[in-house]
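Asker: Can you keep this structure in mind? I'll have questions shortly.
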Amino acid sequence: MKKTIILVVLCLFSYVSNGQEATTKLKITESAQFKDEVKVDGIDAMYTSPSGKTAIVRFGKKNILLDVFNSSLDKEFFKIIKNEKKEFYKGHLSFGDEIKVFTVYSPKKKERILYCHTFNIKNNTHTKTELFKANVKKRGGLFSGSNKRQTSFAISPNQQYIAIATDNIKKNSNSYFVHVFDAETLNLIYKQSYQDHKEDYFSHNDLIIKDDATVYSLGKLYKNGRSDKKNGEANYELVLHKVSQNGTSHASVKLEDLFVRSLVISHKNNELHLIGFYSEKNSSRLKGGCNFVLDEKSLAVKTKKITELPKQVYEDLYGYRRGNRKKKKSTELSNFYVDYTLEDTNGNTYILAEEFYVTSYYVGTAMNGGYWETVYHYDDILILKFDANGKLSWGRSIFKRSGVPSYNAFLKNDELHVILNSGKNLLEKKDGRTKVSQGWFESSSLYDIVYSSTGDVSYDKIQDNRGKVYYMPYFGTFTDGKFITTTTRRKKKQFMKLE
């Protein structure tokens with residue numbers, strides 16, 4: 001018995017120790033380690049400027065921390081900025097040499113102030129600007145709801161204008177605001193109210209702003225209350241608002257028998273593409289990809305493209321036999337939230353979504369009965385590619401399990417790269433699936449999962465993490481063909497650059 005246990009342990013050790021060598025085609029560069037002056041877990045904003053400087057912004061309990069690194073990833077500047085006690089991060093935009101971080105300060109129960117912290121990483125300067133004040137209902141907010149994507153802030157392609165969408169929900173009325181600012185001076189260009197109604201509630205989905213400062217806001221307009229489904233049918237319609245200094249207009253997009261959780265706006269060739277997932281059951285599920293194409297000027301719906309999930313999506317998640325059965329039954333997936341929308345040089349659009357849900361379990365203790373433990377699940381990844389005309393080209397998925405936000409994605413040379421940590425040896429199951437997760441006795445590795453323009457996949461290893469720095473790709477940034485990521489929870493930190 002004792003010899004059997006020793007043999008099992010040795011086999012496990014051999015499994016953990018023998019991993020693949022690095023196979024990534026990307027060039028890997030690591031910076032020297034640097035010591036954190038102030039320990040703060042997590043990163044709120046990270047950006048690499050066109051000149052090659054990288055900056056990290058982090059929010060602590062009392063301060064905002066700015067770290068700036070040169071093109072060699074050597075630390076050259078650090079600054080601590082004191083923030084207000086009830087001032088919280090809400091989003092950021094990065095362009096040129098600047099990171100603009102937006103915060104909301106709540107000095108009173110019904111008063112909100114939106115600030116913009118501008119970090120110039122070329123000159124290593126910081127300024128704080130008050131954008132506007134607003135009164136809200138008691139304990140209300142400027143930005144209602146939550147989304148894994150940042151959807152309330154947008155910058156025009158020419159980087160001249162910033163648009164911010166906020167709620168203006170009062171006791172007896174619902175309305176919504178768009179503020180447009182000069183991106184350099186932060187002077188207000190115009191402010192418009194839209195979707196003003198006594199009872200109807202509007203849930204914001206996405207926001208874009210054009211080079212002429214015209215804003216498009218997309219969301220759901222609820223018919224009765226705020227429930228997505230009533231009497232078996234969708235309790236909302238999609239509404240696209242066009243907002244400019246001269247006024248507003250809007251158009252409704254009929255869903256008929258379909259449900260959607262959210263859509264993203266893509267602007268190309270004088271058309272607006274509303275791209276995302278649809279379901280025939282409810283908003284938390286998805287059966288396939290959809291694209292509603294609207295004329296930019298008239299907002300008239302030109303075409304509606306609905307495509308079920310390709311068989312390959314099911315096979316990646318469930319294996320050949322089970323995947324085929326689920327495809328034949330048109331089984332709907334659930335709990336997927338959009339993380340990334342990427343466009344390649346040919347006008348193709350990639351949407352990446354991650355399965356996210358929360359569970360709880362009861363932990364019993366001997367003395368006081370026990371307590372409830374909350375578990376966050378960041379699991380499978382779904383990838384859909386739409387061509388320039390809005391037709392679904394292909395779909396893939398990654399069979400994954402994780403307890404934290406774990407991946408990042410970017411396009412390089414028209415190939416899609418998904419960077420994440422997994423077990424040292426990717427588990428290839430008999431049914432054809434490749435499981436991306438870490439076993440109990442297994443060390444981890446950093447992987448680059450690469451998809452060609454036609455959807456073919458390769459699993460390239462960047463490094464084995466045992467004895468090396470553990471990088472968190474979720475906090476990475478991609479600029480000018482280079483992806484840079486860092487560590488988060490160690491006092492001594494380091495960067496990795498992939499190019």
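Asker: Going by what's in this entry, would Asp456 be described as under 28 Å from Tyr47 (Cα atoms) and open to solvent by 70 Å² or more (accessible area, probe 1.4 Å)?
Answerer: no
Asker: Can you confirm whether Leu131 is touching a residue at least 24 places away in the same chain (Cβ under 8 Å) and either closer than 21 Å to Gly476 by Cα or in the same structural domain as Tyr340 (by the TED database) (or both)?
Answerer: no
Asker: Out of the residues in the range 99-111 that are among the charged types (D, E, K, R) and out of contact with any Ser or Thr (no Cβ under 6 Å at 6 or more places or on another chain), state the one that is least open to solvent (accessible area, probe 1.4 Å). Show your work before the answer.
Answerer: Step one: list which residues in the range 99-111 are among the charged types (D, E, K, R), which gives 100, 108-111.
If we keep only those that are out of contact with any Ser or Thr (no Cβ under 6 Å at 6 or more places or on another chain) as well, we get 108-111.
Details: Lys108: 135, Lys109: 116, Lys110: 117, Glu111: 37 Å².
Within the range 99-111, the match that is least open to solvent (accessible area, probe 1.4 Å) is Glu111.
Asker: From the residues in the range 459-499 that are under 28 Å from Trp394 (Cα atoms) and part of a loop (DSSP other than H, G, I, E, B), which one is least open to solvent (accessible area, probe 1.4 Å)?
Answerer: Taking the candidates together, the pick is Gly481.
Asker: Also: Are there any strands (runs of 3 or more DSSP E) wholly within the range 18-81 with 1 or more residues that are open to solvent by 70 Å² or more (accessible area, probe 1.4 Å), and if so which?
Answerer: Working: elements: 28-30, 45-48, 54-59, 63-69.
Output list reads 28-30.
Asker: In this structure, does Val313 turn out to be farther than 15 Å from Ser262 by Cβ, modelled with pLDDT of 95 or more and open to solvent by less than 40 Å² (accessible area, probe 1.4 Å)?
Answerer: Considered against the rule, which asks whether it is farther than 15 Å from Ser262 by Cβ, modelled with pLDDT of 95 or more and open to solvent by less than 40 Å² (accessible area, probe 1.4 Å), Val313 comes out as yes.
Asker: Quickly run through the range 299-314 and pick out the residues that are β-branched (Val, Ile, Thr) and in a helix (DSSP H, G or I).
Answerer: Matches in the range 299-314: Val313 only.
Asker: Additional query: Can you pull out every residue in the range 77-99 that is aliphatic (A, V, I, L, M) and farther than 14 Å from Thr129 by Cβ?
Answerer: So in the range 77-99, the residues aliphatic (A, V, I, L, M) come out as 80-81, 93, 99.
Hit for the range 77-99 is Ile80, nothing else.
Asker: Something else about it: Mind listing whichever residues of the range 32-67 are of a type in the set (Gly, Ala, Ser), at negative phi and at pLDDT below 90?
Answerer: Initial filter on the range 32-67 (of a type in the set (Gly, Ala, Ser)): 32, 42, 45, 49, 51-52, 55, 60.
If we keep only those that are at negative phi as well, we get 32, 45, 49, 51, 55, 60.
Within the range 32-67, Ala32, Ser51, Gly60 meet the criteria.
Asker: Quick check on my filter: what residues within the range 343-354 are open to solvent by 30 Å² or more (accessible area, probe 1.4 Å) and in a strand (DSSP E or B)?
Answerer: Across the range 343-354, the qualifying residue is only Glu343.
Asker: Could you tell me which residue of the range 428-440 is modelled with the lowest pLDDT, considering only residues that are assigned to a strand (DSSP E or B) and open to solvent by 30 Å² or more (accessible area, probe 1.4 Å)?
Answerer: Per the stated criteria, the residue is Glu428.
Asker: For Leu188, state whether it is open to solvent by 40 Å² or more (accessible area, probe 1.4 Å) and hydrophobic (A, V, I, L, M, F, W, C).
Answerer: Yes; evaluated as a whole, the condition is true for this residue.
Asker: In the set Arg396, Arg321, which member is loosely packed, with under 14 Cβ neighbours inside 10 Å, at negative phi and in contact (Cβ under 8 Å) with a residue 60 or more places away in the chain?
Answerer: Arg321
Asker: Sort through Asn425, Asn408 and tell me the only one that's open to solvent by less than 40 Å² (accessible area, probe 1.4 Å), in the same structural domain as Tyr318 (by the TED database), within 23 Å of Arg466 (Cα to Cα) and within 17 Å of the chain's Cα centre (by Cα).
Answerer: Working: Asn425 fails: within 17 Å of the chain's Cα centre (by Cα).
Exactly one of Asn425, Asn408 is open to solvent by less than 40 Å² (accessible area, probe 1.4 Å), in the same structural domain as Tyr318 (by the TED database), within 23 Å of Arg466 (Cα to Cα) and within 17 Å of the chain's Cα centre (by Cα), namely Asn408.
Asker: Can you name every residue in the range 125-150 that is modelled with pLDDT of 85 or more, of a type in the set (A, V, I, L, M) and in contact with an Asp or Glu (Cβ under 9 Å, 6 or more places away or on another chain)?
Answerer: Correct list: Ala134 only.
The values are calculated or read from the model by the stated rules, or taken from the named source; none is laboratory data. Please read all numbers here as calculations on a predicted model, not as lab measurements. Cβ coordinates were reconstructed from backbone atoms using ideal geometry, including for glycine residues, and neighbour counts include every protein chain displayed. Only protein heavy atoms, including side chains, enter the accessible area calculation; ligands, DNA and RNA are left aside. Shrake-Rupley method; radii C 1.70, N 1.55, O 1.52, S 1.80 Å.
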